[in-house]
Amino acid sequence: MNFFRRTLFNRKLLMLVPALVAALALGACGGSSSNERSEPVSEHKSPLFSVRGDWAIMNGEITSKIVDQLNALVAENPQVRTIVMQNVPGSLDDEMNLKAGLRLRELGLNTYLPPGSQIASGGVDLFLAGKERIAAPNVLIGVHSWAGGGVTDASTLDRDHPGHKMFLDYYQALGIDPDFYWFTITAANADNIHWMSVDERQRFGITTRAANDKELNMITAHAQNNRELKALFTQYTWIDSPNNKPIHIFAASDVSTQQIVKARSVMGHYLSNEQGVLNKNAMANKLADQQAGLFMFAKEADAQAAFDGDFGELPLAQHGQDLSATEVFVEGDVRYMNRKPPVARDATYEEVLHLVQGHGLAVAEPALQQRIVAQANRALQSKSWRPSQDDINEWSAELDDNGYTSLNYEYLAAAVEGYYGLWGHADSGLDGYAGINRARQKQRDPGGLALIEEVWPSTIVTMMPISPDFPAGETFSLAFDAKVDYTHQSQFLRHVSLTGRNSSNIRGNDYNNVLQGNAGNNRIDGAAGSEDTVLMKGLRREYQLKATDGAWQIKDIVADRDGIDTLVNIEKVQFTDQVLKLSRPR
């Protein structure tokens, strides 16, 4: 007799709540897209497993094919060490699912629940098979009773009923406390779901350890066997294209986690699909089809040496762009906050754009590329862009595979940096570009401004991390203040997250912000937006909320997670299981 755990009848219920968390927190790294379409939208049905580095990303319902799918996965991808379960709502065939779990344990694979992920029912059974069972704080783990074979609900059966044996034997083989099984069938009936609290997960040993910082940010090891790649890069992440292929990001060991996340977030922004701007699907697909990649080095000299050596001859390098850690200023770090010379400049937006334009836009959108070339020439002629003659000569002599010189790439980077406020504090922009802000662009380079507004959103739509070194007691502001240099750039951010443990603060701007605190005690002010949202990492029932001094105080009862935060001008709080609308505190 076959027994099975039913997946939720309302699949939308299971997927809806964490969607924004996954999309923003993972920066288009295979997460569900938010209703703001902040990442490329898939055009194809995804397979159950998508291999990324030494991870296999799992999305979908478990069927009777699961054992064959698992065996095929490891046969074709022997480098895989971890099954990353992003959205696994349950199983249609529990007998085969439990066999797959035993096979997974036999293979010695780990299981991991990344930020914003959700598993339920048979998905939980499969997760328990991991040699290591790893989880981010903000995940949903759902359990309920099973039904089938004439049984309407397993909780109604006597404990010695044979229907329980298959599950009890499975848990015993994995070393899982059998009390967990009895908990699952009484926590919710077969047609409902119970989301497990942190306390419940700890009681039954659901996870063996918490995710580390790299895992939380979807950074793993690459799976390239090439000697040069192995020697140069130890870290890997990606952005998923609409055709379900990765756009690579490789990083050296000295590049920090937050620098990698920033570079990925900028790339995700450039490839975002927002209402009223160019659809980027063709662009993203071209990048992925060409195996395009961003290569992050510790310093520029390392990049120069690598591209001049054997690495530069590799096919991956032919469609690659370098970016040095010395050029990546994470929001809130000392270099980002201090815009005065001799501080170098943040080149993240420029170098990532070179990759996106050269291997995506120029190939997928040739008519648009020709307009950029023409506008670069107009900007030179009108002297709204004034690079040195030596630079002009050098860039004019450099030809890419598409027959374009570097001149138009450098122009577009200067215009985009001006548009997003990187030079608002200065007298002139990149390579003498006159449009240090949008008002000046409208005066001096209206054609360039119009091109940018046609292609990209007016604000940065991906989540940006704030450096863990941002000081306690200080407020990172998204609101423009002419006296504070960094706000020329931060005014165009919409979504930010505090990292680390410092009790620092966030102030939003006029947009509808999504804001996230850290493990410290934070003051989070949404400012003038009409629908500002704060993200929490746990279930609603794990927090205490009270009005105090014209604000809301929200206390996380789970230690070392969200701390005690003060919320001002916040309209919504998004927990992992529900969204709470806040009224004006009295």
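Just for segment 208-227: of the residues that are among the small types (G, A, S) and in a loop (DSSP other than H, G, I, E, B), which one is farthest from the chain's Cα centre (by Cα)? First the steps, then the outcome.
We begin by selecting, within segment 208-227, every residue among the small types (G, A, S); these are 210-211, 221, 223.
Within this subset, residues satisfying the condition of being in a loop (DSSP other than H, G, I, E, B) are 211, 221, 223.
Details: A211: 15, A221: 17, A223: 20 Å.
Among those that are among the small types (G, A, S) and in a loop (DSSP other than H, G, I, E, B), it is A223.
Listed residues S467, S477, S504; which is within 25 Å of I557 (Cβ to Cβ) and open to solvent by less than 40 Å² (accessible area, probe 1.4 Å)? Walk me through it before giving the result.
Working: S467 fails: within 25 Å of I557 (Cβ to Cβ); S477 fails: within 25 Å of I557 (Cβ to Cβ).
Residue meeting the stated conditions: S504.
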Exercise for the section: Inspect segment 546-562 for any residue being within 28 Å of G142 (Cα to Cα) and of a type in the set (F, W, Y) and give the result as yes or no. Expected result: no
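Looking only at segment 551-586, which residues are small (G, A, S) and under 23 Å from Y511 (Cβ atoms)?
First, pick out the residues of segment 551-586 that are small (G, A, S): 551, 559, 563, 583.
Once the filter is applied, which keeps residues that are small (G, A, S) and under 23 Å from Y511 (Cβ atoms), segment 551-586 yields A551, S583.
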Practice task
Kindly establish whether D485 is in contact (Cβ under 8 Å) with a residue 24 or more places away in the chain, in contact with a strand residue (DSSP E or B) (Cβ under 8 Å, 6 or more places away or on another chain), open to solvent by 10 Å² or more (accessible area, probe 1.4 Å) and in a loop (DSSP other than H, G, I, E, B).
Solution key: no
Problem - Single residue of A551, A527, A559 found to be surrounded by fewer than 16 Cβ atoms within 10 Å (Cβ to Cβ) and either of a type in the set (D, E) or modelled with pLDDT of 95 or more (or both) - result: A559
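How many residues does segment 442-468 contain that are more than 21 Å from the chain's Cα centre (by Cα) and touching a residue at least 40 places away in the same chain (Cβ under 8 Å)? Even if it seems obvious, please write down each step before you answer.
Within segment 442-468, the first condition is being more than 21 Å from the chain's Cα centre (by Cα), and the residues that meet it are 442-455.
When the remaining residues are screened for being touching a residue at least 40 places away in the same chain (Cβ under 8 Å), the result is 444-445, 447-448, 451, 453-455.
Of the residues in that region, 8 qualify.
Could you check, for segment 80-91, whether at least one of its residues is closer than 16 Å to F180 by Cβ, crowded, with 24+ Cβ neighbours inside 10 Å and touching a helix residue (DSSP H, G or I) at 6+ places or on another chain (Cβ under 8 Å)?
First pass over segment 80-91, keeping only residues closer than 16 Å to F180 by Cβ: none.
No; the residues of segment 80-91 include none that is closer than 16 Å to F180 by Cβ, crowded, with 24+ Cβ neighbours inside 10 Å and touching a helix residue (DSSP H, G or I) at 6+ places or on another chain (Cβ under 8 Å).
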Practice task
Six or more apart or on different chains, Cβ under 9 Å: which pairs go from a residue in segment 273-290 that's of a type in the set (V, I, T) to one that's open to solvent by 20 Å² or more (accessible area, probe 1.4 Å) and assigned to a helix (DSSP H, G or I)? Could you list them?
Solution key: V277/E453; V277/E454
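From F476, F480, grab the single residue that is part of a loop (DSSP other than H, G, I, E, B), on the phi < 0 side of the Ramachandran plot and not assigned by the TED database to the domain that holds S265. Explain how you work it out, then say what you get.
Details: F476 fails: part of a loop (DSSP other than H, G, I, E, B).
The unique qualifying residue is F480.
Name the one entry in V330, V356 that is in contact with a Phe, Trp or Tyr (Cβ under 6 Å, 6 or more places away or on another chain), at pLDDT 95 or above and in the same structural domain as G448 (by the TED database). Can you show your working first?
On the way: V330 fails: in contact with a Phe, Trp or Tyr (Cβ under 6 Å, 6 or more places away or on another chain).
Being in contact with a Phe, Trp or Tyr (Cβ under 6 Å, 6 or more places away or on another chain), at pLDDT 95 or above and in the same structural domain as G448 (by the TED database) holds for just one of V330, V356, which is V356.
Residues to consider are V352, V363; find the one that is buried (at least 23 other Cβ atoms within 10 Å of the Cβ) and either aliphatic (A, V, I, L, M) or assigned to a strand (DSSP E or B) (or both). Explain how you work it out, then say what you get.
On the way: V363 fails: buried (at least 23 other Cβ atoms within 10 Å of the Cβ).
Checking each option against the conditions leaves just V352.
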Fill in the blank from the handout: Requiring at least 1 residues that are within 18 Å of the chain's Cα centre (by Cα) and crowded, with 16+ Cβ neighbours inside 10 Å, the helices (runs of 4 or more DSSP H) wholly within segment 228-332 are 257-270, 281-289
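Any idea how many residues of segment 505-554 are outside any loop (DSSP other than H, G, I, E, B), of a type in the set (S, T, N, Q) and out of contact with any Lys or Arg (no Cβ under 6 Å at 6 or more places or on another chain)? Don't jump to the end; show me each part of the working.
Looking only at segment 505-554, we keep the residues that are outside any loop (DSSP other than H, G, I, E, B), and these are 505-507, 514-516, 523-525, 533-535, 540-548, 551-554.
From the residues that got through so far, the ones that are of a type in the set (S, T, N, Q) too are 505, 516, 533, 544, 548, 553.
If we keep only those that are out of contact with any Lys or Arg (no Cβ under 6 Å at 6 or more places or on another chain) too, we end up with 516, 548.
So the count comes out to 2.
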Completion exercise
Flagged in segment 372-412 as part of a helix (DSSP H, G or I), open to solvent by 70 Å² or more (accessible area, probe 1.4 Å) and either under 18 Å from G358 (Cβ atoms) or touching a residue at least 40 places away in the same chain (Cβ under 8 Å) (or both), in numbering order, are R378, E394, A397
Problem - Only one of A147, A173 that is open to solvent by 20 Å² or more (accessible area, probe 1.4 Å), more than 30 Å from Q574 (Cβ to Cβ), within 38 Å of the chain's Cα centre (by Cα) and in contact (Cβ under 8 Å) with a residue 60 or more places away in the chain - result: A173
Problem - Lone unmet requirement of (1) assigned to a loop (DSSP other than H, G, I, E, B); (2) on the phi < 0 side of the Ramachandran plot; (3) assigned by the TED database to the domain that holds D158 for G205 - result: (2)
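The values are calculated or read from the model by the stated rules, or taken from the named source; none is laboratory data. Every value quoted in this text rests on a predicted model; they were computed, and no experiment measured them. Because the Cβ atoms are built from the backbone with ideal geometry, glycine has one as well, and the counts that use them run over all protein chains shown. For the accessible areas, the whole protein counts, side chains as well, though only heavy atoms, and no ligand, DNA or RNA atoms are used. Shrake-Rupley method; radii C 1.70, N 1.55, O 1.52, S 1.80 Å.
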